[in-house]
Amino acid sequence: MAPPFLPTLYHVPWFCSSIAAQLVAELSIPPTALSVVTLTIVELRTGPEILAVSPRRVVPALALPDGTCITEVGAIVMYILETFDREGTLHPKVGPERARFLQALFYVVSECYKAAFAVFLMCFSVTPKLVRLDREERDAERWKEVTGKFKTVVIDHIVREIGDAGRKYYLGEKLSAADFMFGYILMWVDSCDEGLLDHPVVQEYYGRLKARPMHISLYLES
Ligand SMILES: N[C@@H](CCC(=O)N[C@@H](CS)C(=O)NCC(=O)O)C(=O)O
(Lines give C-alpha, C1' and ligand atoms only; values in the text may rest on other atoms or scores of the structure.)
Protein backbone atom coordinates (compact mmCIF):
# COMPACT_ATOMS: atom_id res chain seq x y z
CA MET A 1 0.00 0.00 0.00
CA ALA A 2 1.33 3.47 -0.84
CA PRO A 3 1.94 5.55 2.30
CA PRO A 4 -0.96 7.90 3.01
CA PHE A 5 -0.40 11.59 2.47
CA LEU A 6 -1.90 12.29 5.89
CA PRO A 7 -1.79 10.38 9.16
CA THR A 8 -4.84 8.14 8.90
CA LEU A 9 -6.66 6.75 11.91
CA TYR A 10 -8.69 3.57 11.45
CA HIS A 11 -11.67 3.47 13.74
CA VAL A 12 -14.72 1.32 14.42
CA PRO A 13 -17.54 2.98 16.41
CA TRP A 14 -17.66 1.92 20.09
CA PHE A 15 -14.34 0.06 19.78
CA CYS A 16 -11.37 1.41 21.73
CA SER A 17 -10.39 3.46 18.67
CA SER A 18 -13.20 5.73 19.93
CA ILE A 19 -10.75 7.15 22.49
CA ALA A 20 -8.49 8.33 19.67
CA ALA A 21 -11.50 9.49 17.64
CA GLN A 22 -12.71 11.55 20.61
CA LEU A 23 -9.28 13.10 20.95
CA VAL A 24 -9.23 14.08 17.27
CA ALA A 25 -12.66 15.69 17.66
CA GLU A 26 -11.89 17.40 20.99
CA LEU A 27 -8.68 18.89 19.56
CA SER A 28 -10.59 19.95 16.43
CA ILE A 29 -7.92 18.37 14.24
CA PRO A 30 -9.12 19.07 10.71
CA PRO A 31 -9.42 16.27 8.14
CA THR A 32 -6.75 18.11 6.16
CA ALA A 33 -4.26 17.27 8.96
CA LEU A 34 -5.42 13.82 10.07
CA SER A 35 -7.88 11.63 8.31
CA VAL A 36 -10.24 9.29 10.15
CA VAL A 37 -11.43 6.20 8.30
CA THR A 38 -14.46 4.72 10.01
CA LEU A 39 -14.91 1.02 9.28
CA THR A 40 -17.81 -1.26 10.07
CA ILE A 41 -17.17 -4.38 12.15
CA VAL A 42 -17.56 -6.47 9.00
CA GLU A 43 -14.98 -4.36 7.16
CA LEU A 44 -12.61 -4.70 10.12
CA ARG A 45 -13.01 -8.46 10.28
CA THR A 46 -13.14 -9.35 6.60
CA GLY A 47 -12.28 -6.32 4.43
CA PRO A 48 -8.95 -5.86 2.66
CA GLU A 49 -8.24 -2.23 3.66
CA ILE A 50 -7.29 -2.75 7.32
CA LEU A 51 -4.87 -5.63 6.67
CA ALA A 52 -2.06 -3.42 5.39
CA VAL A 53 -2.28 -1.24 8.49
CA SER A 54 -3.22 -3.73 11.18
CA PRO A 55 -2.40 -7.34 10.26
CA ARG A 56 -4.26 -8.65 13.35
CA ARG A 57 -7.34 -6.70 12.22
CA VAL A 58 -7.58 -4.63 15.38
CA VAL A 59 -8.29 -0.94 15.84
CA PRO A 60 -7.15 1.67 16.56
CA ALA A 61 -4.47 1.66 13.90
CA LEU A 62 -2.69 4.72 12.62
CA ALA A 63 -1.01 4.83 9.21
CA LEU A 64 1.68 7.49 9.00
CA PRO A 65 2.98 9.39 5.98
CA ASP A 66 6.41 7.73 6.27
CA GLY A 67 4.77 4.37 5.57
CA THR A 68 4.88 3.07 9.14
CA CYS A 69 1.78 1.99 11.02
CA ILE A 70 1.13 2.16 14.74
CA THR A 71 -1.30 0.11 16.79
CA GLU A 72 -2.02 0.27 20.55
CA VAL A 73 -4.38 2.94 21.74
CA GLY A 74 -1.92 4.35 24.32
CA ALA A 75 0.76 4.90 21.67
CA ILE A 76 -1.74 6.43 19.26
CA VAL A 77 -3.12 8.77 21.91
CA MET A 78 0.44 9.94 22.68
CA TYR A 79 1.23 10.39 18.98
CA ILE A 80 -1.89 12.51 18.46
CA LEU A 81 -1.18 14.61 21.55
CA GLU A 82 2.49 15.16 20.78
CA THR A 83 1.77 16.01 17.15
CA PHE A 84 -1.42 18.03 17.41
CA ASP A 85 -1.59 19.31 21.00
CA ARG A 86 1.64 21.26 21.07
CA GLU A 87 0.18 23.70 23.61
CA GLY A 88 -0.54 20.86 26.03
CA THR A 89 -4.27 21.64 26.19
CA LEU A 90 -5.19 18.02 26.86
CA HIS A 91 -1.91 16.63 28.23
CA PRO A 92 0.74 17.98 30.57
CA LYS A 93 4.06 18.16 28.80
CA VAL A 94 6.41 18.19 31.79
CA GLY A 95 6.71 17.53 35.50
CA PRO A 96 4.72 15.54 38.04
CA GLU A 97 1.48 16.25 36.19
CA ARG A 98 2.88 14.47 33.16
CA ALA A 99 3.85 11.48 35.30
CA ARG A 100 0.31 11.39 36.68
CA PHE A 101 -1.11 11.62 33.17
CA LEU A 102 1.07 8.70 32.02
CA GLN A 103 -0.01 6.73 35.08
CA ALA A 104 -3.64 7.10 33.96
CA LEU A 105 -2.84 6.20 30.37
CA PHE A 106 -1.00 2.99 31.29
CA TYR A 107 -3.43 2.10 34.05
CA VAL A 108 -6.49 2.32 31.81
CA VAL A 109 -4.88 0.34 29.01
CA SER A 110 -3.31 -2.39 31.14
CA GLU A 111 -5.74 -2.76 34.06
CA CYS A 112 -9.08 -0.98 33.68
CA TYR A 113 -9.77 -2.19 30.16
CA LYS A 114 -9.53 -5.87 31.14
CA ALA A 115 -11.53 -5.38 34.34
CA ALA A 116 -14.33 -3.51 32.56
CA PHE A 117 -14.58 -5.87 29.61
CA ALA A 118 -14.79 -8.91 31.85
CA VAL A 119 -17.96 -7.31 33.27
CA PHE A 120 -19.27 -6.41 29.82
CA LEU A 121 -18.75 -9.92 28.48
CA MET A 122 -20.87 -11.34 31.30
CA CYS A 123 -23.71 -8.99 30.30
CA PHE A 124 -23.55 -9.20 26.50
CA SER A 125 -22.63 -11.71 23.88
CA VAL A 126 -20.75 -9.87 21.15
CA THR A 127 -20.40 -12.42 18.38
CA PRO A 128 -21.83 -12.31 15.82
CA LYS A 129 -23.88 -9.42 17.17
CA LEU A 130 -24.54 -7.70 20.47
CA VAL A 131 -27.12 -9.63 22.50
CA ARG A 132 -28.03 -9.06 26.15
CA LEU A 133 -27.38 -12.21 28.19
CA ASP A 134 -29.93 -13.48 30.67
CA ARG A 135 -29.06 -12.37 34.22
CA GLU A 136 -30.70 -15.51 35.61
CA GLU A 137 -28.28 -17.74 33.74
CA ARG A 138 -25.18 -16.05 35.01
CA ASP A 139 -22.52 -17.94 36.95
CA ALA A 140 -22.95 -16.20 40.33
CA GLU A 141 -19.44 -16.99 41.57
CA ARG A 142 -17.83 -15.68 38.40
CA TRP A 143 -20.01 -12.54 38.49
CA LYS A 144 -18.91 -11.86 42.05
CA GLU A 145 -15.28 -12.30 41.09
CA VAL A 146 -15.51 -10.10 37.98
CA THR A 147 -17.46 -7.27 39.61
CA GLY A 148 -15.19 -7.42 42.67
CA LYS A 149 -12.18 -6.97 40.43
CA PHE A 150 -13.89 -4.10 38.58
CA LYS A 151 -14.62 -2.40 41.90
CA THR A 152 -11.03 -2.74 43.10
CA VAL A 153 -9.39 -1.74 39.83
CA VAL A 154 -11.72 0.98 38.52
CA ILE A 155 -14.15 2.22 41.16
CA ASP A 156 -11.77 2.28 44.14
CA HIS A 157 -9.12 3.94 41.99
CA ILE A 158 -11.47 6.72 40.86
CA VAL A 159 -12.77 7.25 44.39
CA ARG A 160 -9.25 7.48 45.79
CA GLU A 161 -7.58 9.44 42.99
CA ILE A 162 -10.43 11.81 42.18
CA GLY A 163 -12.99 11.94 45.00
CA ASP A 164 -10.77 11.61 48.08
CA ALA A 165 -8.11 13.80 46.51
CA GLY A 166 -10.68 16.55 45.81
CA ARG A 167 -10.08 16.49 42.07
CA LYS A 168 -12.67 17.27 39.43
CA TYR A 169 -10.87 15.41 36.65
CA TYR A 170 -7.99 12.93 36.77
CA LEU A 171 -5.41 15.72 36.85
CA GLY A 172 -7.37 18.09 39.05
CA GLU A 173 -9.32 21.05 37.72
CA LYS A 174 -8.13 20.53 34.17
CA LEU A 175 -9.67 18.04 31.75
CA SER A 176 -7.15 15.86 29.90
CA ALA A 177 -7.08 12.98 27.45
CA ALA A 178 -6.85 10.66 30.49
CA ASP A 179 -10.48 11.47 31.21
CA PHE A 180 -11.54 10.35 27.72
CA MET A 181 -9.92 6.99 28.50
CA PHE A 182 -11.84 6.62 31.75
CA GLY A 183 -14.98 7.87 29.98
CA TYR A 184 -14.68 5.03 27.50
CA ILE A 185 -14.32 2.34 30.18
CA LEU A 186 -17.19 3.76 32.22
CA MET A 187 -19.43 4.03 29.17
CA TRP A 188 -19.20 0.26 28.52
CA VAL A 189 -19.94 -0.66 32.12
CA ASP A 190 -22.78 1.88 32.20
CA SER A 191 -24.32 0.12 29.20
CA CYS A 192 -24.49 -3.06 31.33
CA ASP A 193 -26.98 -1.29 33.61
CA GLU A 194 -25.97 -3.29 36.69
CA GLY A 195 -25.57 -0.42 39.16
CA LEU A 196 -21.79 -0.80 39.16
CA LEU A 197 -21.25 2.96 38.77
CA ASP A 198 -23.51 3.95 41.64
CA HIS A 199 -20.80 5.40 43.89
CA PRO A 200 -21.46 9.18 44.15
CA VAL A 201 -17.86 10.05 43.22
CA VAL A 202 -18.10 7.94 40.07
CA GLN A 203 -21.55 9.33 39.27
CA GLU A 204 -20.24 12.86 39.52
CA TYR A 205 -17.06 12.20 37.52
CA TYR A 206 -18.74 10.12 34.83
CA GLY A 207 -21.61 12.65 34.74
CA ARG A 208 -19.11 15.31 33.70
CA LEU A 209 -17.54 13.11 31.06
CA LYS A 210 -20.75 11.88 29.51
CA ALA A 211 -22.16 15.41 29.27
CA ARG A 212 -19.44 16.35 26.78
CA PRO A 213 -20.85 16.79 23.28
CA MET A 214 -18.14 14.54 21.79
CA HIS A 215 -18.92 11.75 24.27
CA ILE A 216 -22.62 12.06 23.40
CA SER A 217 -22.06 11.99 19.67
CA LEU A 218 -19.61 9.06 19.82
CA TYR A 219 -21.43 6.83 22.27
CA LEU A 220 -24.92 7.90 23.18
CA GLU A 221 -26.65 9.19 20.09
CA SER A 222 -27.22 6.01 18.09
N1 LIG B 1 -4.03 -3.68 22.95
C2 LIG B 1 -4.75 -3.06 21.86
C3 LIG B 1 -6.10 -3.73 21.76
C4 LIG B 1 -6.72 -3.50 20.40
C5 LIG B 1 -8.02 -4.29 20.28
O6 LIG B 1 -8.12 -5.46 20.71
N7 LIG B 1 -9.01 -3.66 19.69
C8 LIG B 1 -10.31 -4.30 19.58
C9 LIG B 1 -11.42 -3.29 19.77
S10 LIG B 1 -11.41 -2.51 21.37
C11 LIG B 1 -10.48 -4.86 18.18
O12 LIG B 1 -10.14 -4.20 17.22
N13 LIG B 1 -11.02 -6.09 18.08
C14 LIG B 1 -11.22 -6.73 16.81
C15 LIG B 1 -12.53 -7.41 16.70
O16 LIG B 1 -13.34 -7.40 17.65
O17 LIG B 1 -12.79 -7.95 15.61
C18 LIG B 1 -4.89 -1.56 22.12
O19 LIG B 1 -4.79 -1.15 23.29
O20 LIG B 1 -5.08 -0.80 21.17
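Net length available on complete extension from Glu49 to Thr68 is 5.3 nm, with 0.36 nm assigned per residue and the Cα-Cα distance removed.
Output the antiparallel fraction of DSSP beta bridges having both residues in the chain, as a percent to the nearest 5.
Given both bridge residues lie in the chain, the antiparallel proportion sits at roughly 70 percent.
Here Lys149 is the anchor, and the lysines within straight C-alpha reach of less than 16 Å, apart from those fewer than 8 places off in the same chain, are Lys114.
Take every Cα pair under 8 Å whose residues are at least 6 apart in sequence, average their separation, divide by the length of the chain, and the relative contact order is 20 percent. Residue separation of Thr127 and Gln203 scaled by 0.36 nm, minus their Cα-Cα distance, works out to 24.3 nm of gained length.
Here the relative contact order of region 77-203, from alpha carbon pairs under 8 Å that lie six or more residues apart, stands at 29 percent. At a Cβ-Cβ separation cutoff of 4.7 angstrom, cysteine residues of the chain with no neighbouring cysteine are Cys16, Cys69, Cys112. Placing a label point 7 Å from the Cα of Lys114 along the Cα-to-Cβ direction, the residues of region 126-151 whose backbone N falls under 18 Å of that point are 142-151. Protection proxy ranking of 196-202, 29-35, 176-182, by the mean of other Cβ atoms within 10 Å over each peptide's residues and highest first, is 176-182, 196-202, 29-35. For the pair Trp14 and Phe106 in one chain, pulling the backbone fully straight at 0.36 nm per residue adds 31.1 nm over the alpha carbon distance. For region 183-213 versus region 51-105, the inter-centroid distance based on Cα atoms is 24 Å. Of the chymotrypsin sites (Phe, Trp or Tyr not before Pro) found in region 8-64, the ones in coil according to DSSP and having at most 16 other Cβ atoms within 10 Å of their Cβ are Trp14. For Lys174, the accessible area of its heavy atoms, probed at 1.4 Å with every protein chain present, is near 110 square angstrom. Heavy-atom surface analysis with a 1.4 Å probe gives the chain a carbon and sulfur content of 58 percent of its accessible area. Shown are Leu102, Leu220, whose ranking by accessible area with a 1.4 Å probe and every protein chain present, most to least, is Leu220, Leu102.
Rounded to the nearest 20, the Cβ-based charge dipole of the chain about its Cα centre (Lys and Arg +1, Asp and Glu -1) stands at 180 debye. Kirkwood's formula applied to the C-alpha pairs of the chain gives a hydrodynamic radius of 18.3 angstrom. Each residue, Asp139 and Ala165, gets one label point 7 Å from its Cα in the Cβ direction; the gap between the two is 3.5 nm. Computed with every protein chain present, the accessible area of Glu72 is close to 100 Å² [probe 1.4 Å].
The values are calculated or read from the model by the stated rules, or taken from the named source; none is laboratory data. Since the structure is predicted, the reported quantities are computational estimates derived from the model, not experimental observations. Every residue, glycine as well, gets a Cβ built from its backbone with ideal geometry; the counts of neighbours run over all protein chains shown. Surface areas here come from the heavy atoms of the whole protein model, side chains and all, with no ligands, DNA or RNA. Shrake-Rupley method; radii C 1.70, N 1.55, O 1.52, S 1.80 Å.
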